[in-house]
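Participant: Okay, handing you the structure first.
Computed from the coordinates by the stated procedures, all read-outs in this text should not be read as laboratory data. Keep in mind it's a predicted model, so treat the numbers as computed, not measured. No Cβ is skipped: glycine too gets one built from the backbone with ideal geometry, and neighbour counts run over all protein chains shown.
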Amino acid sequence: MAESAPCVFCRIVEGEIPCFKLHEDPRTLAFMDINPFHDGHCLVITKAHAENLYAADEADLAAAIAVAKRLAIAVNQVLRPDGINLVQANGAGAGQSVFHFHFHVFPRKLNDNAQFNWGHKPGDMARIGELAERIKRAMP
Ligand code: AMP
Ligand code: ZN
């Protein structure tokens, strides 16, 4: 992507910014969200920079949804949430804050009243790191 517009997820792909990595393959990268709404909140991104769903390559999308399924199974096994949403935002009005395609694997609790614009509260990095190890091990 253009050097004039550094993208935080491209920088994670390049290894310039650290992440709690869960999975990597030629098309996708998955890592923990550092501002989790609930424990186990994680992200699958396309390695190739695409701003949103409209721009993303279809083979990259297919790879990303397959990884999202495996992550959801792992998060469900490790954390036993009351449910999991897959969330994917396109545009600021949809709550998108990082303009590089990603799915959220978004664990839910009954009556948590989560809203699309849930806000970003920094998580406990030690806790996120510990969960990353457990989720990685549980991935089918
Ligand atoms: P969205 O608001 O749908 O674009 O989601 C972007 C997500 O990326 C948010 O949930 C942020 O907490 C998350 N995020 C931003 N920077 C980082 C980072 N360096 N490592 C992990 N997650 C991040
Ligand atoms: Zn990017």
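Participant: Quick one: among Gly40, Gly129, Gly119, which has the greatest mean-square fluctuation in a GNM of the chain with alpha-carbon springs under 10 angstrom?
Facilitator: In this elastic network of the chain, the residue with the biggest mean-square fluctuation among Gly40, Gly129, Gly119 is Gly119.
Participant: Spit out the partnerless Cys residues in the chain, using Cβ distances under 4.7 Å as the pairing rule.
Facilitator: Within the chain, the cysteines lacking a partner Cβ under 4.7 Å are Cys19, Cys42.
Participant: Find out how many positive minus negative residues lie around Ala30, taking Lys and Arg as positive, Asp and Glu as negative, among other residues whose Cβ is under 12 Å from that of Ala30.
Facilitator: Here the count lands on +3.
Participant: Explain nothing, just the number: dipole magnitude of the stretch 37-140 about its Cα centre with +1 on each Lys and Arg Cβ and -1 on each Asp and Glu Cβ, in debye rounded to the nearest 20.
Facilitator: 360 debye
Participant: Taking 8 Å as the Cα distance limit and 6 or more residues as the minimum spacing, I'd like the relative contact order of the chain as a percentage.
Facilitator: Relative contact order of the chain: 31 percent.
Participant: Same structure, new question: Could you compute how fast the stretch 69-140 diffuses translationally, taking Rh as the Kirkwood radius over C-alpha pairs and applying Stokes-Einstein at 25 °C with viscosity 0.890 mPa s? Give it in µm² per second.
Facilitator: Estimated diffusion coefficient is 181 µm²/s.
Participant: Taking a point 7 angstrom from the Cα of Asn113 along the C-beta vector, which residues in the stretch 34-63 have backbone N less than 20 Å away?
Facilitator: Those under the cut-off are 36-39.
Participant: How many angstrom separate the Cα center of the stretch 99-140 from the Cα center of the stretch 1-62?
Facilitator: So the separation of the two Cα centres works out to 14 Å.
Participant: Here's another thing I want to ask about it. Name the long-range amide H neighbours of Arg108: under 5 Å, sequence gap of 5 or more, or other chain; modelled H, no Pro or chain starts.
Facilitator: Asp82, Gly83, Ile84, Asn85
Participant: Okay, moving on. Taking the stretch 54-140, which chymotrypsin sites (Phe, Trp or Tyr not before Pro) meet the DSSP loop condition and have no more than 16 other C-beta atoms within 10 Å?
Facilitator: Tyr54, Phe116
Participant: Quick check: residue separation of Asp82 and Lys21 times 0.36 nm, minus the Cα distance between them. What number comes out in nm?
Facilitator: Full-extension gain reported as 19.5 nm.
Participant: Further question: Would you mind listing how long the stretch 1-124 runs along its three principal axes, going by Cα atoms, in whole Å with the largest first?
Facilitator: 42, 29, 28
Participant: Next up: Can you list the trypsin sites (Lys or Arg not before Pro) in the stretch 1-52 that are in a DSSP coil and have 13 or fewer other beta carbons within 10 angstrom? All intermediate terms of the calculation are to be shown ahead of the outcome.
Facilitator: Details: sites: Arg11, Lys21, Arg27, Lys47; in loops: Arg27, Lys47.
Listed in order of number, the matching sites amount to none.
Participant: What do you get for the angle between helix 125-138 and the principal long axis of the chain? Use alpha-carbon atoms, 0 to 90 degrees, nearest ten.
Facilitator: Approximately 90 degrees, to the nearest 10.
Participant: Would you be so kind as to identify which of Ile84, Ser97, His23 lies farthest towards the positive end of the dipole of the chain, taking Lys and Arg as +1 and Asp and Glu as -1 on Cβ and the Cα centre as origin?
Facilitator: Looking along the dipole axis, the top candidate is Ile84.
Participant: Enter the angle in degrees (range 0 to 90, nearest 10) between the Cα long axis of helix 58-79 and the first principal axis of the Cα atoms of the chain, meaning the one along which they spread out most.
Facilitator: 20 degrees
Participant: Compare Ala66, Ala126, Ala89 in a GNM of the chain, Cα atoms joined below 10 Å, and give the one with the largest fluctuation.
Facilitator: Looking only at Ala66, Ala126, Ala89, the largest GNM fluctuation is found for Ala126.
Participant: Which value at 222 nm does the chain reach when only helices count, each DSSP H run of 4 or more adding -39,500 (n - 2.57), with the total divided by all residues and rounded to the nearest 500 deg cm²/dmol?
Facilitator: Working: 3 runs with 42 residues, N = 140.
One gets -9500 deg cm²/dmol as the mean residue ellipticity at 222 nm.
Participant: Within 12 Å, Cβ to Cβ, of Val44, how many net charges do the neighbouring residues add up to if Lys/Arg are +1 and Asp/Glu are -1?
Facilitator: Result for the neighbourhood of Val44: +1.
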